[in-house]
Structure formats: structure tokens, C-alpha cells
Amino acid sequence: MAPEPVSRPTETRVRLKEDGSYAVLTLADVAVAALNTPEDETYDVLAVVGGKNVPALLLVRNALKGRNPSNTNVAEMALHDLGFDILVRRRFDNATGEPVRLTREQINNSST
């Protein structure tokens, strides 16, 4: 018995940084934006689109025609909702070799 195909949405909502309102992000807008968004692996969160690893934040910003998602996590989750694979770079402490763990205060301050 063949597995049933997974249905993905063709659009999702993205919270905007400027005023906290929401914008609609479509699969088509992301595909078109990916054509003009260069690969840049210096970013920590990348989306795999058409064989390219493009920064998730820039991709969503370009797909929304210059409007900014509220943060990288919002961009990442929206792309994931639309079915794109997400790559996240993990940082390690150079001295100990252990993964870097942010405090709650650092996390809270990073989205402002």
C-alpha cells in the first residue's frame, strides 16, 4: 500500500516587524523571490529552495516585497509551513567545544 501524499498549504501568514500586523506569504512568491535571492551561507538559518541554500530571513523579506518578518524564527516557521527544508547552523564554544546555550534574557533581547 502506497503512503498517502502529504498536502502542503500554498500560503501562510507572517507577522511583520514594523507594526505587528500579518502578511500573506505564498508558495509562488517564495519561488519567485528565490530566483533573485543569492546564496549566502554566512547566515545561521537557510532555506533549501530549488537546490539553493538561501538565507530564510532575506528570502521571506524578498517574497514580501521588502516588508520585514518580525524575526528569523517567524521566517523559518513560515517557510517550513510551506514545505521548504530549513538548515540551522549550530554554534559551538571555541574553548570548551560545547554547544552554545543562550540564557532566557539573551533570547528575549535578540528579537528586539
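The values are calculated or read from the model by the stated rules, or taken from the named source; none is laboratory data. Computed from a predicted model, the values in this text were never measured in an experiment. Methodologically, a virtual Cβ is constructed for each residue, glycine included, from the backbone with ideal geometry; neighbour enumeration extends over all protein chains shown. Each accessible area value is taken on the protein alone, full model and side chains, heavy atoms only, with ligands, DNA and RNA left out. Shrake-Rupley method; radii C 1.70, N 1.55, O 1.52, S 1.80 Å.
In terms of the mean number of neighbouring beta-carbon atoms within 10 Å, the peptides 98-105, 25-32, 68-75 order highest first as 68-75, 25-32, 98-105. For Val49, the amide hydrogen comes within under 5 Å of the amide hydrogens of Val54, counting only partners 5 or more places away or on other chains and with H modelled in the peptide plane.
Using only the Cα atoms, what convex hull volume per residue in Å³ does the range 58-112 have? Write out the running numbers ahead of the final one.
Numbers: hull volume 6.0 nm³, N = 55.
Dividing the Cα hull volume of the range 58-112 by its residue count gives 109 Å³.
222 nm [θ] for the chain, helices only, -39500 (n - 2.57) per DSSP H run of 4+, per residue, to 500? Computed mean residue ellipticity for the chain: -8500 deg cm²/dmol. For the range 49-54, backbone phi angles converted through the Karplus equation (6.51, -1.76, 1.60; θ = phi - 60°) give residue-by-residue couplings of 9, x, x, 9, 9, 10 Hz, Gly and Pro being listed as x.
Nonpolar atom fraction for the chain, defined as the carbon and sulfur part of the 1.4 Å probe accessible area, stands at 51 percent. Normalised by residue count, the range 20-68 yields a Cα convex hull volume of 74 Å³ per residue.
What's the long-distance tail for the chain, i.e. % of Cα pairs beyond 25 Å? Could you put the intermediate results ahead of the total?
Numbers: 1821 of 6216 pairs.
Above the 25 Å cut-off, the chain has 29 percent of its Cα pairs.
Please compute the net charge surrounding Ala28, taking Lys and Arg as +1 and Asp and Glu as -1 over other residues with Cβ under 14 Å from its Cβ. Mind showing how you got there, number by number?
Numbers: positive: Arg8, Lys65; negative: Glu11, Asp29.
Result for the local shell: 0.
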